[in-house]
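Take a look at the structure set out below.
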Amino acid sequence: MRRATVWLWAAAALSLASWYTAGYPWPICALAVLLLLAPLRGLVRGRRYTYAWATLFAVPYLIFAVTELLVNPRARWVASLSLLLVFAWFCAMVLYLRTSRGHRE
């Protein structure tokens, strides 16, 4: 499950970078991806604490994707892709936390 979480993190980061194709300025896209680097080290190492706070960290990305999906017709395709990938990343983190419950740090 840890590998799937890291792969979904990478896919979500790429989807955020693709917002440039929907007309967003590249510095905003770069900032979104750079902020997403914060939990990467703990995700790769399998630290439960990082998985716990990273679920909360994913929520603003989910809110942004839902908002753009509803109000921005030009960005609907990239918003739906981002929503799908960030939600899958969120679910993978929660699933990892549930399955690794017995392994405390």
Computed over segment 2-99, Kirkwood Rh from alpha-carbon pairs, angstrom: 13.4 Å
Ratio of Rg to Rh over segment 57-105 (Cα coordinates, Kirkwood Rh, two decimals): 1.19
Cα extents of segment 1-44 along the three principal axes, largest first (Å): 34, 16, 5
Contact order normalised by residue count of the chain, Cα under 8 Å, 6+ apart, percent: 38 percent
GNM top mover of Leu16, Leu83, Leu35 - the chain, alpha-carbon springs below 10 Å: Leu35
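Computed from the coordinates by the stated procedures, all read-outs in this text should not be read as laboratory data. Quick caveat: nothing in here was measured; it's all calculated off a predicted structure.
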